[in-house]
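Structure record follows, encoded as structure tokens.
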Amino acid sequence: MTAEVSRRAVLAGGAALGLAACSPATAAPYPGALLGADVRRGHRLRDAKGQSAFPPPSGAEERIPLVIAGGGVAGLAAGWRLAEAGFGDFALLELENEAGGNARGGGNAVTQFPWGAHYLPVPNREARGLIHMLRGFGMITGEDASGAPIYDPYHLCADLEERLLWRGTWQEGLYPASGLGAADIAQHDRFNAAMEHFRAAVGTDGRPAFASPSALSSRDPAFAALDGQSFAAWLDAQGFTSGPLRAHLRYCCRDDYGTEPDGVSAWAGIHYFAGRRGWAAGGAGQSELTWPEGNARLARLIAARLHPQIRPSHSVVRVVRDGDDVVIDTLDHLAGTIRRIRAGAVILAIPDFVARHVAPDFVGHAGFSYAPWVVANVAVSRQPWGAGVPLAWDNVSAGSETLGYVVATHQTQSAPDGPSVLTWYNALSVGDPAVQRRMMLRRSLGEWQKIIAADLLTMNPELDGAIERIDVWRWGHAMVQPVPGFRADPARVVARAGQGAGPVFRAHSDLSGLSLFEEAHYLGLAAAEGALRHLGRPVESLL
Amino acid sequence: MVDQDVGPNAGPPRAHAAILLLSVLVVATCGLIYELLAGTLASYLLGDSVTQFSTVIGCYLFAMGGGSFLSRYVRRDELGAFIRVEIMIAALGGWSAAGLFMAFPLAADFRVLLYALVLAIGALVGLEIPLLIRILQHRFGFRELVSNVLTYDYVGALIASLAFPLLLVPHLGMIRTGMVFGLANVAVAIALLLVLRGTRAVAADLVAAGLVGASLIVGLTMAERIQRWSEIAYYGEGVIHSRTTPYQRIVLTRRGADLRLYLNGNLQFSSRDEYRYHEALVWPVLGRVAHPARVLVLGGGDGLAAREILRDDRVRHVQLVDLDPEMTRMFRDTPQLAALNHHSLSSPRMTVTNADAFRWVRAASGPYDAVIVDFPDPTEYSLGKLYTESFYREVARLLAPDGVMVVQSTSPLVAPRSFWTVATTLEAAGLTTRGYHAYVPSFGEWGYTLAGHGQPALIEAAHLPAGLRFLNAVSEPLMFDFPPDMARRVTPVNRLDNQALVRSFAEEWAKYDG
């Protein structure tokens, strides 16, 4: 155990104790727990400074043709692709006790709930691999006459989808529908028209200007140039200065990227609006797929299929090349032992800030930055309501800095009242992410609970007395930030260029720059298909 | 500070001055509390909080100005006038919240009463400070006097505005808050009277203050009952049972022989005419099924539909699914309710399951020979799920090939688009349908939709038992005729992701209610 306790950790712990002693705010006002990625396991890699801190591998070297490092959506998607190709001879190493990454979830006696990503927009026509998977899961039940997928209605987000607390009243939709000046309305219309234009735009290379997955987007310089400036600068230059419009766009940037509009590339900002052309029968293309446990539904369905291959609580501490093989040292966090695996190929489905520590030979030094998030699941004895339209799936207040809450029982319950779980989201997007991250970790459970309860009670005062429990999940590196220039970032260009080579393949949404399920899924499939070909297995691409 | 401004020593002694200054603090706190109570109550009962608060505060401040103006007509004995004003404020302000709650359902125009009360309390509160300044003018210099009085006045306002939302409303509730501050006004009056008792006759005022104080103490102990009375008045009938469950507020009322059930304030049945509703709900289905051995009831926790079903000896098993355990327990165990449903919920042929039907149907397996779908109207998106194509597909799966189902489908007269949306949606789920309607006096013209797997039974005549009070072989077929104002029209399919029914239902009923 002594190896687990670094001097840094002792100092940090001491500081936390000191704070706890002098802060009256640390008594938690509600039952609950402070959760999050296992910081101790993660930082062990970072603080190791090379591999000298880890003991030498013990036991016999294990021979596995293919290893996937990382069980987030990219790693799971890679595993799903291998299974789909009938290839089962691989191991998936996951640092945490449960695979899923940002798509993990939890549950209580009332309902399942998400701990991170909670929906997937109905995929575009070009997301072939994803559509294939959804069909396999029974979420697509058939095709209409035009070939458009028919989605099982239970998986499509039920009405009422969104509501906004605007000037004291809940209204349908997330954009204010009343009290706007003529200039605000005109700008909003002009913005929508501009996005409609981008949605339909096709580059000189014949590809959509904004595709989802983004890898299939046009390389036309006319659109690539948008990557060079921030979304805020682009909006200014286009004369989109309306206060309500900018407030809404800021909400969108924070919701999808965890980042302020001046920190988001204009290409990414526009992609949010112009990249979605959901392909579905019956007019469901604009809809979202969602489940009580959020995207954990998808992650668990994949993980169930990969059960024999997944090794939880195993992190990769070293990846080096040895001849044609790759040698992987893996740490079993429960046993505390290091084992060596020799593989023909490896898929690095881990974030860049981890990959560069464990596989420095294959991962260049990239300056990616990550947005911290806080997600809370709030168990309530009765559902919120409020003046205006009734409770929706996604409930946002125009007067709050937070991203509002999602109702976990929205898809499954027909009772107009009764207990539920509200999943509360906030992206800590203002200022330096590192500072926000430190602040996030320093706050006690009680402090977070007070912040969350105050935010919820401001939106829904009638919840007073109904909050039974608040569990708080801290995501230190929730999302890679699509900063201006992210598409042309040399680290990404190099990583993508090296994809076909092997024996090391990379798969993580970090490489696309957009921390979205569709992106991670696509990159996972691409890496899996590359690895299969490297191992001499012919594969018909699903991409 | 040098006490150079002290005027002639004609005023009350120092102890009096201290009590009077303290009373400034108390009356200022009480005054603002009454204003906040009136504003909160008005927005609670009338809605639109911005309008209610701003008009109540405006009237109140205006009335205070009026009171200040009127203070000039008090020419002598300011202290006596102040004490009587306190007693009157105690009575009016102390009882304001309770009075408004009780008056709301009774008053023809609640607003007139509200603003009359606000103006009266405001005028009395407006009298207080000018009178106090005059009483104290001989005790302090003008400079110190104005400073003292206004300081305590504003500190009182701060105490009231912080205590009201943070402590009083959450912990005491509005009725008790009014009473407690009324008692504070009484306490000021009594304290002054006791201090003065050597110098003047106080007996009459003491008795008045004592009576008001006693009424407030009695009111304080009865706050719960007052709340209940106000609910009785709201329903216009005696409330014989009321309970708040995690899902709804159940209220049962009785006037004479008429027993009524309200869920969240919406009438569910009146014992005078519920036989019309329930015979029309059940018998067109059972009369068209050859062997209704297994019957499923979704909703209907009052057991009244089940009562009709269990009259049929062919029925061997009834499965009832209702969300609220409190509801089915009440209608099983309360003697007068169990008498109304003929103890249907404790019948050996009955199985009661408390579950959300939306989830239950997905996991259940059939077949059922008859299905009675009797949910509350689709007033909410959550309830609207129970009227969707997805839901009806599950019900259709549970329905035997020659089975028949019926869906309570709101009023085809008030909400014809909503009524026919149910039929369109059932048809989208692969069923054939046939709408009908019946007149139920306490509901109005009410609609139902029969559905089945395309069997001819749907259009054939029903075999009805003898002894029904509403339906017979002549009256039953008439229900299927729709005059032009209720005739079928083109409607969308109600799906989970569009909830067309909830939207049209809200629109049509809002138009009807004006």
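Taken about its Cα centre, segment A:306-406 carries a charge dipole of about 240 debye when Lys and Arg each add +1 at the Cβ and Asp and Glu each add -1 at the Cβ.
By the gyration tensor of its Cα atoms, with a ≥ b ≥ c the square roots of the eigenvalues, what is the shape of segment A:169-290: rounded for a/c under 1.5, prolate for a/b over b/c, or oblate?
Working: a/c = 1.74, a/b = 1.24, b/c = 1.41.
Oblate, because a/c is 1.5 or more while a/b does not exceed b/c.
Whole number please: convex hull volume per residue, Cα atoms of segment A:66-218, in Å³.
Numbers: hull volume 32.2 nm³, N = 153.
Per residue, the Cα convex hull of segment A:66-218 comes to 210 Å³.
Normalised by 2.2 N^0.38 Å, where N counts its residues, the alpha-carbon radius of gyration of segment B:173-213 equals 1.31.
So which DSSP H runs in chain A come out at 20 Å plus along the axis (Cα) with average Kyte-Doolittle of at least 0.5?
Values: long enough: A:7-22 (23 Å, 1.17); A:182-200 (27 Å, -0.53); A:243-257 (21 Å, -0.93); A:445-459 (21 Å, 0.63); A:517-534 (25 Å, -0.02).
Both cut-offs are met by A:7-22, A:445-459.
When only Cα pairs below 8 angstrom with a gap of at least 6 residues are kept, chain B shows a relative contact order of 12 percent.
To the nearest ten degrees, helix B:110-136 and the longest principal axis of the Cα atoms of chain B are 20 degrees apart.
Sorting A:Cys157, B:Cys59 from the fewest to the most surrounding beta carbons within 10 angstrom yields B:Cys59, A:Cys157.
Percent antiparallel among DSSP beta bridges with both residues in chain B, to the nearest 5? Don't jump to the answer; show the numbers that get you there.
Values: 30 of 50 bridges.
Of all bridge pairs located within chain B, approximately 60 percent are antiparallel.
Rounded to two decimals, what ratio of Rg to Rh does the protein assembly as shown give with C-alpha atoms and a Kirkwood Rh? Ratio value, two decimals: 1.05. For segment A:169-290, the relative contact order is 26 percent, taking Cα pairs closer than 8 Å that sit 6 or more residues apart in sequence and dividing their mean separation by the residue count.
Which percent, to the nearest 5, of DSSP beta bridges fully inside chain A are antiparallel? The antiparallel proportion sits near 70 percent. Would you work out the relative contact order for chain A, in percent, from Cα pairs under 8 angstrom that are 6 or more residues apart? For chain A, the relative contact order is 26 percent. Taking a ≥ b ≥ c as the square roots of the Cα gyration tensor eigenvalues, segment B:274-513 comes out rounded, since a/c falls below 1.5. Out of all DSSP beta bridges in the protein assembly as shown, what portion is antiparallel? Express it as a percent rounded to 5. Taking every DSSP beta bridge within the protein assembly as shown, about 65 percent pair in antiparallel fashion. Sorted from greatest to least, the principal axis extents spanned by the alpha carbons of chain B come out as 105, 44, 39 Å.
Rounded to the nearest 500, the 222 nm mean residue ellipticity of chain B from helices alone is -17500 deg cm²/dmol, with -39,500 (n - 2.57) taken per DSSP H run of at least 4 residues. The label point for A:Ser58 and the one for B:Ile459, both projected 7 Å from the Cα toward the Cβ, are 8.2 nm apart.
Considering every residue in A:158-165, what mean count of other chain Cβ atoms within 10 Å of its Cβ is obtained?
Numbers: counts 11, 13, 7, 3, 0, 0, 0, 0.
The per-residue average across the peptide is 4.
Rounded to the nearest 10 degrees, the inclination of helix B:500-513 to the longest alpha-carbon principal axis of chain B is 60 degrees. Globularity index of segment A:459-543 is 1.65 (Cα radius of gyration / 2.2 N^0.38 Å, N = number of residues). Relative to the longest principal axis of the Cα atoms of chain B, the long axis of helix B:416-428 makes an angle of roughly 50 degrees.
Here's the picture: a label point sits 7 Å out from the Cα of B:Tyr73 along the beta-carbon direction, and within segment B:115-131 the residues with their amide nitrogen under 19 Å of it are B:116-131.
Values quoted throughout were computed directly from the atomic coordinates according to the rules given, and no laboratory measurement underlies them. In this text, all values refer to a predicted model and were calculated from it rather than measured experimentally. Note that we place each Cβ from the backbone using ideal geometry, even for glycine, and neighbour counts take in every protein chain shown.
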